[in-house]
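Note sheet for the following structure.
Every read-out reported here was derived from the displayed coordinates using simple, explicitly stated rules and does not represent laboratory data. Just so it is clear, the model here is predicted, and its values are computed rather than measured. Cβ sites come from the backbone with ideal geometry, for glycine too, and all protein chains shown count toward neighbours.
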Amino acid sequence: MTDAAHLRAAMTTELALGGRLTTKQWASAFSTVPRDEFLHRFFALTDDGTTYEAVDDSRSEWLDMVYRDAVWPTQLDGDPTAWQRAHDTGPISGEPTCSSTQPSLMASMLEALDTEPGQRVLEIGTGTGYNAALLAHRLGDTNVTTVDVDADLYRPGA
């Protein structure tokens, strides 16, 4: 089992023990769909909580961070250049305008959706695409449509 698979399994167990995942279908989705494939780069608050640093898969702790039950901003101030600027020059200030939602919140929302096989879902706000991938695992990829108004959020490599 890869490190990502171990971390994914541990996150799924944590979500189940915390009462956020209560059905085997959603537990299967969370244990199968790799969050790391949808979160190649993001922002993390600096230790003093005043600015954001750029995080990507070149950092040794990146994979551990991806599988924490944490929300990770993926955009600041609606600016598609902010991440690269923070990467190149150091931490920057800004307000999150898109994020990868905290897995425990995603699990609660997906469980509450109470979907059944064959149902179709329209997701408004693709973001990283992770939620759509979880839905597609549960319902089938032809039953999930996701749209976003900001192409910079879901472009490959974004």
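Looking at this structure, is Glu123 assigned to a helix (DSSP H, G or I), among the acidic types (Asp, Glu) and either free of Cβ contacts under 8 Å to residues at least 12 places away in the same chain or over 18 Å from Arg41 (Cα atoms) (or both)? No.
Run Thr74 past the list (1) touching a residue at least 60 places away in the same chain (Cβ under 8 Å); (2) over 13 Å from the mean Cα position of the chain (by Cα) and report the number of the one that doesn't hold. Just one mismatch for Thr74, condition (2). Of all residues in the range 25-44 being outside any helix (DSSP H, G or I) and touching a residue at least 40 places away in the same chain (Cβ under 8 Å), which is surrounded by the fewest Cβ atoms within 10 Å (Cβ to Cβ)? This residue is His40.
Can you tell which of Ala82, Ala86, Ala136 is under 25 Å from Thr22 (Cα atoms), in contact with a strand residue (DSSP E or B) (Cβ under 7 Å, 6 or more places away or on another chain) and not acidic (Asp, Glu)?
The conditions single out Ala136.
When the range 73-114 is filtered for residues that are over 30 Å from Arg138 (Cβ atoms) and of a type in the set (Gly, Ala, Ser), the ones remaining, listed by number, are Gly78, Ala82, Ala86, Gly90, Ser93, Gly94. Figure legend. Inter-residue proximity from the range 5-24: first residues in contact (Cβ under 8 Å) with a residue 40 or more places away in the chain and closer than 14 Å to Met65 by Cα, second residues of a type in the set (D, E, K, R) and surrounded by 16 or more Cβ atoms within 10 Å (Cβ to Cβ), beta-carbon distance below 8 Å, spacing 6+ or different chains. Indicated pairs: Arg8/Arg35; Met11/Arg35.
Restricting the first member to the range 104-116 and to residues that are under 11 Å from Trp26 (Cα atoms) and without any contact (Cβ under 8 Å) to a residue 60 or more places away in the chain, and the second to residues that are of a type outside the set (Asp, Glu) and part of a helix (DSSP H, G or I), the beta-carbon pairs closer than 8 Å and six or more apart or on different chains are Met106/Tyr130; Met106/Asn131; Met106/Leu134; Thr115/Leu135; Thr115/Arg138; Thr115/Leu139. Tell me, please, whether a residue that is in contact (Cβ under 8 Å) with a residue 60 or more places away in the chain, buried (at least 18 other Cβ atoms within 10 Å of the Cβ) and at negative phi can be found in the range 47-58. No, the range 47-58 contains no residue that is in contact (Cβ under 8 Å) with a residue 60 or more places away in the chain, buried (at least 18 other Cβ atoms within 10 Å of the Cβ) and at negative phi.
Being touching a helix residue (DSSP H, G or I) at 6+ places or on another chain (Cβ under 6 Å) and crowded, with 16+ Cβ neighbours inside 10 Å is the filter; apply it to the range 64-79 and report the residue that is farthest from Ala107 (Cα to Cα). Taking the candidates together, the pick is Leu76.
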